[in-house]
Amino acid sequence: MTINAELEANILRLYYVEKWRICTIANQLKVHHYVVKRVLNQAGVPKAKLLSKPSLLDSFLDFIKNILEKYPTLRASRLYQMVCERGYTGGSDHFRHLVALHRPKPSAEAYLRLRTLPGEQAQVDWGHFGNITIGNTKRPLMAFVMVLSYSRKIFLKFYVNCQLANFLRGHEEAFNAWGGVAKILLYDNLKSAVLERKGDAIRFNPTLLAFAGHYRFEPRPVAVARGNEKGRCERAIRYIRDHFFAAREWKDLDDLNTQAANWCNGPAANRLCPEDRTISVQTAFINEQPMLITLPDNPFPTEERIEVSVGKTPYIRFDCNDYSIPHNYVRCKLTVIANANKIFILDKTNIIAQHLRSYDKGQQIEDKAHIAELVEEKRAAHQHNGQNRLIKAVPISHQFLIQSAAKNYKLHLVVGSLLKLLDLYGAKELSIAMQEALARDVPHQHAVRHSLERRRDLQELNPPINLDLPNDQRVRNLVIRPHSLDTYDQLKLMQENNIGELNYDNNK
C-alpha cells in the first residue's frame with residue numbers, strides 16, 4: 001500500500017510525540033498495522049524481536065534442515081511422518097507452519113533482455129477470453145495471438161475452440177496479413193505443437209511439422225515452465241485484454257474479428273515500438289516485412305477431416321450437430337471435410353452433400369432435397385399413420401379429430417372408421433358429412449356414417465362397392481380427388497357447334 005507524505009508524517013508524530021502503540025495508530029488512521037511498521041522501520045525504529053519459546057520441534061530442527069537441503073520440494077506431510085517415526089508428538093497443522101518458516105527459499109533469478117533481428121522470430125499462443133453464446137449453447141472464446149518479436153506487430157483472431165484446425169488457420173491468416181513468415185516460431189508446449197517431451201527430446205505434432213515444412217519456418221518450443229522465453233506474446237495478450245477486449249461491445253464472432261483486425265492495424269500498430277522508441281510499431285513492421293520468408297503459391301490444407309459411420313437415419317454427426325445426407329448412404333462409412341464456414345460429406349472422392357457449418361449444438365441441419373427423396377422413396381416416412389393420410393385427403397378432419405379428442409372419444413377407432421368411409425365414399429362426400437357432424441356438435445364416426453347414408457338415399461344411389469385392394473401401401477394410401485366435369489360439357493358443346501356448321505354447309 002502506497003501512502004502520502006502527510007499520512008507518513010502523522011504516523012511518526014503519533015509514535016514519537018504522543019507515544020501511541022502501533023495498533024492504536026493503525027486503528028485511528030484506518031490503515032493496516034503492517035503499513036505503520038513499515039513507516040517506522042524506514043524511520044529507523046528497529047523491528048521488535050519475537051521471544052523464542054521452547055517447542056517440541058527444536059530437537060528435530062537439524063534433521064529437518066538437512067532433509068530440506070537435499071529435497072527442497074519434499075511435502076510437509078511426508079516430513080511429518082518422518083519426524084513422528086523419530087519421536088515427534090506434536091500436531092500436523094502446527095508442524096506445517098513451522099516447516100514453512102524453515103524451508104529454504106529459492107534464490108532470485110536474473111534474466112537477460114532478449115533481442116532479435118528483423119524477420120527472425122515470431123511468438124504464438126492462445127488466450128482464453130471467457131465464453132460466447134451461439135444459439136442455445138456456450139462455446140469457449142479463444143484468441144489466437146501471433147507477435148513479431150522485432151517490430152511487435154500483433155495479429156489477433158478469435159475462434160470458438162483451440163483445436164489444431166483453428167491453430168493452423170490462425171497461422172495462415174497471420175501470414176497472409178503480414179505477407180510473409182518469420183524464420184522461427186516459438187510455442188508453449190501445447191498439444192497442437194508438442195505431443196511429448198522428455199528433457200531435450202521433443203516429439204512434434206506431425207501435422208505442425210508438415211505445416212512448417214510447407215511454409216519453411218522452424219517450430220521451436222520454449223523450455224518447460226519458462227514463459228519468459230516468449231514474454232512478448234504473453235505481454236501482448238495482457239495488452240489485448242486491457243486495451244482491446246475490456247468494455248468492448250460486439251454482436252457476433254464476425255463483428256468481433258472485424259474490430260480486432262481494425263485494432264491491430266490501428267491503435268496497436270500506432271503505439272511506440274519497444275525496440276526503438278523513436279518509431280511506431282507500424283514503421284518498424286514496414287522495415288521488417290521485407291525480411292520475412294516469402295509465402296508459397298498454394299496454401300496448406302487446414303480443413304478438418306474425420307471418418308464417420310452413418311446409422312439407420314440419413315444424418316451424420318459432426319461437432320455436436322446432425323447433417324442430412326442422401327438416404328441411400330445409410331449404414332455406410334463416409335468422410336467429413338470441414339472448413340470454418342462449410343462442411344463437405346464425401347463417399348470416397350465423391351461429394352454427396354454439403355452444408356453451412358453450425359457452431360450451435362444439438363441442431364439438425366437438413367437439405368430439403370434429401371428429405372424429399374426419402375419421402376418419395378418411402379412414402380410411409382411422410383404418411384406414417386392414418387391421421388396424416390386422413391388429414392391430407394380431407395383437411396377438415398383435422399378439426400374433426402380435435403373435437404373428438406375433446407369429447408374423450410377413442411381416436412384410433414374414429415380414425416380407422418373414417419379411413420374406411422374415405423375408401424367407400426371418397427374425399428368429397430366424407431368432407432360434407434364431417435361438416436354436418438361438426439354442425440350438430442357430434443364429432444363421432446357413427447354421425448358421419450349416418451350423414452353419408454342419408455345423402456346416398458336422397459340421391460338414390462346404389463351402396464358403395466368395397467374394393468379388395470392389393471396389400472400395397474402405395475395403392476391403399478393413394479388419394480383420388482374427383483375431377484370437375486365442366487370440361488366435358490364444354491367439349492360436348494363445341495362438338496355440337498361444329499356439327500351444326502357442317503350441316504349448314506352441306507345444305508348450302
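Computed values, structure above
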read-out: Test: residue in the range 202-211 that is modelled with pLDDT of 95 or more, among the aromatic types (Phe, Trp, Tyr) and in contact with a strand residue (DSSP E or B) (Cβ under 6 Å, 6 or more places away or on another chain); value: no
read-out: Residues (assigned to a helix (DSSP H, G or I), surrounded by fewer than 17 Cβ atoms within 10 Å (Cβ to Cβ) and within 56 Å of the chain's Cα centre (by Cα)) located in the range 439-459; value: Ala439
read-out: Criterion (of a type outside the set (Gly, Ala, Ser) and over 26 Å from Ser484 (Cβ atoms)) met by exactly one of Arg440, Arg389; value: Arg440
read-out: Conditions (1) surrounded by 17 or more Cβ atoms within 10 Å (Cβ to Cβ); (2) within 26 Å of Glu307 (Cβ to Cβ); number of the one not met by Phe400; value: (2)
read-out: Filter result for Leu411 (in contact with a helix residue (DSSP H, G or I) (Cβ under 7 Å, 6 or more places away or on another chain) and touching a residue at least 40 places away in the same chain (Cβ under 8 Å)); value: no
read-out: Enumeration of residues in the range 260-276 that are surrounded by 18 or more Cβ atoms within 10 Å (Cβ to Cβ) and within 20 Å of Phe175 (Cα to Cα); value: Ala260, Trp263, Cys264, Ala268, Ala269
read-out: Any hit, the range 207-215, residues being surrounded by fewer than 19 Cβ atoms within 10 Å (Cβ to Cβ), of a type in the set (Gly, Ala, Ser), over 29 Å from Gly130 (Cα atoms) and touching a helix residue (DSSP H, G or I) at 6+ places or on another chain (Cβ under 8 Å); value: no
read-out: Qualifying position, being of a type outside the set (Ser, Thr, Tyr) and within 25 Å of Arg169 (Cα to Cα), among Ile286, Ile325, Ile279; value: Ile286
read-out: Unique match (being within 15 Å of Gly119 (Cα to Cα), touching a residue at least 24 places away in the same chain (Cβ under 8 Å) and hydrophobic (A, V, I, L, M, F, W, C)) among Leu185, Leu164, Leu168; value: Leu185
read-out: When residues of the range 285-313 are limited to those that are in a loop (DSSP other than H, G, I, E, B) and in contact (Cβ under 8 Å) with a residue 40 or more places away in the chain, the one nearest to Ala269 (Cα to Cα); value: Leu292
read-out: Qualifying residue in the range 43-65 (condition: under 16 Å from His102 (Cβ atoms), hydroxyl-bearing (Ser, Thr, Tyr) and exposed (fewer than 11 other Cβ atoms within 10 Å of the Cβ)); value: yes
read-out: Test: residue in the range 163-186 that is closer than 22 Å to Leu256 by Cβ and in a loop (DSSP other than H, G, I, E, B); value: yes
read-out: Every residue from the range 302-317 that is of a type outside the set (Gly, Ala, Ser) and in contact with a Leu (Cβ under 9 Å, 6 or more places away or on another chain); value: Thr302, Glu304, Glu307, Val308, Val310, Pro314, Ile316
read-out: Residue list for the range 98-120, restricted to those being at pLDDT 70 or above and loosely packed, with under 10 Cβ neighbours inside 10 Å; value: Ala100, Leu101, Pro104, Lys105, Pro106, Ser107, Arg115
read-out: Helices (runs of 4 or more DSSP H) contained in the range 210-284 and holding at least 2 residues acidic (Asp, Glu) and in the same structural domain as Gly130 (by TED's automatic domain parsing); value: 253-265
read-out: Extreme residue, farthest from Gly127 (Cα to Cα), among residues of the range 188-209 that are in a loop (DSSP other than H, G, I, E, B) and under 27 Å from the mean Cα position of the chain (by Cα); value: Asn205
read-out: Residues within the range 188-209 that are among the charged types (D, E, K, R) and either in contact (Cβ under 8 Å) with a residue 12 or more places away in the chain or not assigned by TED's automatic domain parsing to the domain that holds Asn166 (or both), tallied; value: 3
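The values are calculated or read from the model by the stated rules, or taken from the named source; none is laboratory data. As the structure is a computational prediction, the values presented were derived from the model and not from experiment. For neighbour counting, all protein chains shown are included, and Cβ atoms are generated from backbone atoms with ideal geometry for every residue, glycine included.
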